[in-house]
Amino acid sequence: GVSAETPSKSLAMNEDSAAPTPTRPTGKSKQQLNIRAELEKRQGGKPLLNLVVIGHVDAGKSTLMGHLLYLLGNVNKRTMHKYEQESKKAGKASFAYAWVLDETGEERDRGVTMDVGMTKFETDSKVITLMDAPGHKDFIPNMITGAAQADVAVLVVDASRGEFEAGFEAGGQTREHGLLVRSLGVTQLAVAVNKMDQVNWYQERFRDIVSKLGHFLKQAGFKDSDVFYIPTSGLSGENLTTRSKVADLTAWYTGPCLLEQIDAFKPPQRSVEKPFRLCVSDVFKDQGSGFCVTGKIEAGFIQTGDKVLAMPPNETCTVKGITLHDEALDWAAAGDHVSLTVTGMDIIKINVGCIFCDPKEAIRACTRFRARILLFNIEVPITQGFPVLLHYQTVSEPATIRKLVSVLHKSSGEVLKKKPKCLSKGQNAVVEIQTQRPVALELYKDYKELGRFMLRYVGSTIAAGVVTEVKGSTYPPFPTKHIVILYSSAFFDIAS
Amino acid sequence: MKLVHKDIEKDNAGQVTLIPEEAEDMWHTYNLLQVGDSLRASTIRKVQTESSTGSVGSSRVRTTLTLCVETIDFDSQACQLRVKGTNIQENQYVKMGAYHTIELELNRKFTLAKKVWDSVVLDRIEQACDPAQKADVAAVVMQEGLANLVLVTPAMTLLRAKVEVTIPRKRKGSCTQHDKALERFYEAVMQGILRHFSFDVVKCILVASPGFVKDQFISYLFKEAVRQDCKILLENRSKFMVVHSSSGHKYSLKEVLCDPAVTARLSDTKAAGEVKAFEDFYKMLQQEPDRAFYGLAHVERASEALAVDILLISDKLFRHQDIATRSRYVRLVDNVKENGGNVRIFSSLHVSGDQLNQLSGVAAILRFPIADVSEQSSEEC
């Protein structure tokens with residue numbers, strides 16, 4: 001495991017909790033916290049940033065971040081030594097750093113990250129929630145969940161001969177990941193051109209990669225001024241937390257190291273004033289009564305004792321405890337990735353993809369909605385009735401494209417054609433999507449963060465979109481029996 | 001399905017006597033029946049008897065009734081066919097014109113009489129009675145926390161069980177909950193397999209998933225089989241086949257059936273053939289959109305121009321109870337056949353048939369491109 005060895009941080013926390021804490025609300029009314037002021041105070045002036053690490057499989061994401069964490073002192077030496085010994089015994093000596101984040105037996109055995117590994121570290125001016133995403137094509141649904149919660153991203157590419165090309169070509173994940181994070185709202189990107197030691201820190205190779213990637217990222221919608229390129233070596237640790245002294249590199253590179261670049265990211269504006277919204281990314285039973293849900297607060301804030309409504313199940317519960325990075329808090333706000341302990345509801349009713357909201361200003365749930373989508377490079381044209389997988393926040397739900405409403409002009413948005421026969425790659429279109437089960441979602445114009453989604457088909461992402469209109473029934477009395485029966489179908493026969 | 005007696009002339013009245021032998025035959029019969037046909041079968045009728053003392057009692061009597069069909073109901077999960085109609089033949093228990101619902105039973109003969117026997121229906125009788133087409137494939141399409149257990153027969157894809165479990169994600173320092181939940185999930189899927197798949201009928205069991213779930217599951221399955229000494233699993237070990245799919249949802253079955261390793265092993269599953277034809281249509285739509293049409297009006301126009309090479313049509317359209325519309329579809333099929341084209345009738349119960357239904361139910365790949373003239377005419381998609 002990773003022990004939190006950040007003495008300076010814990011001191012700061014203690015100081016803050018010694019400061020006048022907001023008094024526990026007695027009745028059911030929410031305390032009128034000046035939430036922005038509290039947020040500033042809590043971090044000791046350090047804003048929270050959610051960072052996702054993406055890139056093609058074997059680009060070295062886990063090793064890069066694992067090594068970074070180690071250099072920052074977040075992994076104690078004995079644990080690191082244990083990883084080194086065990087990984088060598090398993091014949092995977094070069095994976096020692098990756099084991100800081102890849103913790104399941106399966107991941108270590110196969111040397112592959114399968115699910116998003118989450119942890120935290122600090123830079124000079126920020127507190128970073130780190131999400132290490134899997135790079136393998138099969139695990140993209142998990143990667144999307146991580147990326148949906150991110151504010152900024154680090155894209156890792158392998159500089160070795162042939163490897164960058166493999167990741168960047170049509171079948172590789174470099175492009176898909178880049179498109180996905182952009183479509184999910186990330187605007188700032190640091191590209192770690194990794195394994196540069198394998199090419200002897202050769203400047204031409206770096207320039208070549210920068211120009212190819214730059215062209216692609218610009219097309220994807222990233223502004224040149226918001227993308228930064230850093231040469232690194234995850235395995236040897238060069239240029240991660242301190243500027244490298246390697247002569248081959250310093251001869252031509254005078255830019256920041258990776259940590260400095262991460263520190264320089266601009267924190268996004270948090271919608272703390274909007275009604276509370278949290279997307280559930282994990283559900284589990286902890287000690288004590290009730291159960292825990294983890295997720296990122298997308299809007300608003302929450303306090304212990306608050307009543308929250310879960311949609312689409314349409315059930316309320318009470319928040320008994322809030323944990324942020326293993327520390328118990330009285331309140332948490334937009335941008336925080338927290339664990340909530342809740343009581344008053346059956347754990348069976350909640351699954352990954354539910355959204356917790358303010359009961360007074362609840363989120364809508366529906367099975368049918370209209371959206372504006374942008375089609376990626378698709379191999380088959382999209383027709384009516386096309387089955388897709390809808391990825392919205394932490395939800396992944398089978399759906400069909402019920403209606404092809406119109407094709408729009410890429411830049412002006414005017415309607416080019418009504419009721420098209422089919423849609424092909426690169427087009428901008430308005431469609432109606434129907435899901436099998438209700439999904440809770442918001443319109444893009446109300447909540448930028450909660451209005452985006454992705455469509456996937458047969459293992460590839462085919463489109464990114466924004467929700468423009470909710471159709472059909474909203475607040476359907478969600479058949480809670482549905483989940484119960486399916487759960488117990490594990491034990492009872494219901495199919496016949 | 002066994003054919004006992006056939007007395008039919010094409011495009012004329014006639015009758016046929018059949019014995020359904022397995023669940024799939026019920027599906028075929030469902031596609032044969034039309035409102036207005038006459039169905040004769042053995043059924044159970046509740047009869048009110050009035051004794052001499054005036055007391056009323058009821059008893060259940062088995063008798064053979066001939067009905068004029070009015071409503072047809074098919075339960076795809078249980079594969080049961082219920083036909084409601086009015087009695088049109090004198091019977092000692094049932095008055096003429098009285099309503100009755102027959103639930104067709106396996107291994108009992110029934111006689112179906114129609115006013116007009118068209119080519120589509122005759123083809124289906126042949127298909128149903130063909131003993132060669134009996135490949136049954138079982139498939140488990142899964143991902144972490146979700147598994148669909150599906151049985152694929154030549155004409156139907158039946159969802160036998162669905163297992164859905166929330167699996168906690170790996171967390172910093174604690175993976176035990178994740179591992180435990182995963183084991184419980186595998187256990188549930190294993191129970192599902194043992195309960196729903198009959199190993200004597202099934203030729204092959206496909207286990208498909210993205211990532212490594214399938215491999216993990218197979219090793220769990222056989223480890224448990226050895227531990228519990230489950231003979232049936234151990235004997236049928238060779239039937240299990242591991243395949244890659246992009247998700248655990250039911251429609252991923254399409255990819256599984258198209259996988260070359262699978263097609264090599266199961267050379268002729270009708271389902272796979274349908275999926276391939278459908279994929280070909282989409283490829284044509286992408287490459288030469290003027291050679292791929294869908295929607296009745298468009299396809300009819302193409303057929304009139306003698307341009308249809310392959311016609312893809314869903315069997316749902318032949319269950320349309322309006323005779324005029326139905327004969328329009330039959331005419332289309334006949335026309336295409338006469339002009340040397342191929343007709344593929346898709347079963348609505350298969351994944352690709354379902355998708356074709358969404359796309360209006362009829363599509364065609366043409367021999368030569370035809371310009372899309374009426375773009376403004378709105379299709380009733």
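Table for the structure above
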read-out	value
Looking only at segment A:241-283, and only at residues there that are among the aliphatic types (A, V, I, L, M) and within 25 Å of residue A:313 (Cα to Cα), the one that is farthest from the other protein chains (Cβ to nearest Cβ)	A:272
Test for residue B:63: is it open to solvent by 60 Å² or more (accessible area, probe 1.4 Å) and over 20 Å from residue B:14 (Cα atoms)	no
Listing of strands (runs of 3 or more DSSP E) fully contained in segment B:2-83 that carry 3 or more residues being of a type outside the set (Lys, Arg) and closer than 26 Å to residue B:348 by Cβ	B:14-19, B:38-50, B:56-75
Candidates A:336, A:346, filtered to the one that is more than 18 Å from residue A:396 (Cβ to Cβ) and open to solvent by 50 Å² or more (accessible area, probe 1.4 Å)	A:346
Answer from A:209, A:262 - the residue that is open to solvent by less than 50 Å² (accessible area, probe 1.4 Å) and touching a Leu at 6+ places or on another chain (Cβ under 9 Å)	A:262
Of all residues making up segment A:444-483, the number that are modelled with pLDDT under 50 and either in contact with a Gly (Cβ under 9 Å, 6 or more places away or on another chain) or open to solvent by 60 Å² or more (accessible area, probe 1.4 Å) (or both)	4
Number of the exception - residue B:271 against (1) surrounded by 22 or more Cβ atoms within 10 Å (Cβ to Cβ); (2) more than 13 Å from chain A (Cβ to nearest Cβ); (3) out of contact with any His (no Cβ under 8 Å at 6 or more places or on another chain)	(3)
Filtered residue count, segment B:221-253, keeping only those that are hydroxyl-bearing (Ser, Thr, Tyr), open to solvent by less than 20 Å² (accessible area, probe 1.4 Å) and in a helix (DSSP H, G or I)	1
Filter result for residue A:417 (outside any strand (DSSP E or B) and either under 20 Å from residue B:252 (Cβ atoms) or within 13 Å of chain B (Cβ to nearest Cβ) (or both))	no
Positions within segment B:295-321 being of a type outside the set (A, V, I, L, M) and closer than 30 Å to residue B:81 by Cβ, in sequence order	B:314, B:315, B:316, B:318, B:319, B:320, B:321
Filtered residue count, segment A:212-229, keeping only those that are of a type in the set (Asp, Glu) and either open to solvent by 80 Å² or more (accessible area, probe 1.4 Å) or part of a loop (DSSP other than H, G, I, E, B) (or both)	1
Condition met for residue A:384 (within 8 Å of chain B (Cβ to nearest Cβ) and open to solvent by 20 Å² or more (accessible area, probe 1.4 Å))	yes
Odd one out for residue A:267, checked against (1) in a loop (DSSP other than H, G, I, E, B); (2) out of contact with any strand residue (DSSP E or B) (no Cβ under 6 Å at 6 or more places or on another chain)	(2)
Neighbours by Cβ (under 8 Å, 6+ apart or cross-chain): first from segment A:163-174, under 19 Å from residue A:198 (Cβ atoms) and assigned to a loop (DSSP other than H, G, I, E, B); second open to solvent by 10 Å² or more (accessible area, probe 1.4 Å) and not acidic (Asp, Glu)	A:172/A:56; A:172/A:166
Where residue A:394 falls short, out of the listed (1) within 14 Å of chain B (Cβ to nearest Cβ); (2) open to solvent by less than 30 Å² (accessible area, probe 1.4 Å); (3) at pLDDT 85 or above	(3)
Residue match in segment B:308-317 (condition: polar (S, T, N, Q) and within 13 Å of chain A (Cβ to nearest Cβ))	yes
Criterion: touching a Leu at 6+ places or on another chain (Cβ under 8 Å) and part of a loop (DSSP other than H, G, I, E, B) - qualifying residue of A:293, A:272	A:272
Subset tally (residues that are in a helix (DSSP H, G or I) and either surrounded by 17 or more Cβ atoms within 10 Å (Cβ to Cβ) or modelled with pLDDT of 85 or more (or both)) for segment B:170-197	19
Checking residue B:108 against (1) open to solvent by 10 Å² or more (accessible area, probe 1.4 Å); (2) away from chain A (no Cβ under 14 Å); (3) in contact with a Leu (Cβ under 7 Å, 6 or more places away or on another chain); (4) not in a strand (DSSP E or B), the condition it does not meet	(3)
Test for residue A:305: is it over 19 Å from residue A:286 (Cβ atoms), in contact (Cβ under 8 Å) with a residue 12 or more places away in the chain and outside any strand (DSSP E or B)	no
Unique residue being surrounded by fewer than 12 Cβ atoms within 10 Å (Cβ to Cβ) and of a type in the set (Ser, Thr, Tyr) when the list is B:42, B:58, B:38	B:58
Members of segment A:49-84 found to be of a type in the set (A, V, I, L, M) and at pLDDT below 85, listed by number	A:57, A:59, A:75, A:80
Residues being exposed (fewer than 14 other Cβ atoms within 10 Å of the Cβ) and small (Gly, Ala, Ser) - total across segment B:198-220	2
Out of A:277, A:270, sole residue that is more than 24 Å from residue B:144 (Cβ to Cβ) and at pLDDT 85 or above	A:277
Filter result for the condition that a residue is over 26 Å from residue A:397 (Cβ atoms), within 8 Å of another protein chain (Cβ to nearest Cβ) and not polar (S, T, N, Q), over B:204, B:175	B:175
Selection count where residues are open to solvent by 50 Å² or more (accessible area, probe 1.4 Å) and either under 21 Å from the mean Cα position of the chain (by Cα) or within 12 Å of residue A:357 (Cα to Cα) (or both), scope segment A:316-326	2
Residue count, segment A:355-387 (criterion: within 21 Å of the chain's Cα centre (by Cα) and part of a strand (DSSP E or B))	5
Set B:160, B:169, B:237, B:195: member being farther than 19 Å from residue A:141 by Cα and without any contact (Cβ under 8 Å) to a residue 24 or more places away in the chain	B:237
Some residue of segment B:144-161 being touching a helix residue (DSSP H, G or I) at 6+ places or on another chain (Cβ under 9 Å), open to solvent by 70 Å² or more (accessible area, probe 1.4 Å), in a strand (DSSP E or B) and within 14 Å of another protein chain (Cβ to nearest Cβ)	no
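Yes/no per residue for (1) hydrophobic (A, V, I, L, M, F, W, C); (2) over 30 Å from residue A:354 (Cβ atoms):
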| position | (1), (2) |
| --- | --- |
| A:60 | no, yes |
| A:80 | yes, yes |
| A:90 | yes, yes |
| A:105 | no, no |
| A:109 | no, yes |
| A:114 | yes, no |
| A:121 | yes, no |
| A:140 | yes, no |
| A:157 | yes, yes |
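The values are calculated or read from the model by the stated rules, or taken from the named source; none is laboratory data. Keep in mind that what you see is a predicted model, and the values were worked out from it rather than measured. Glycine also receives a Cβ, built like all others from the backbone with ideal geometry; neighbour counts cover every protein chain displayed. Heads up: the accessible areas ignore ligands, DNA and RNA and are worked out on the full protein's heavy atoms, side chains in. Shrake-Rupley method; radii C 1.70, N 1.55, O 1.52, S 1.80 Å.
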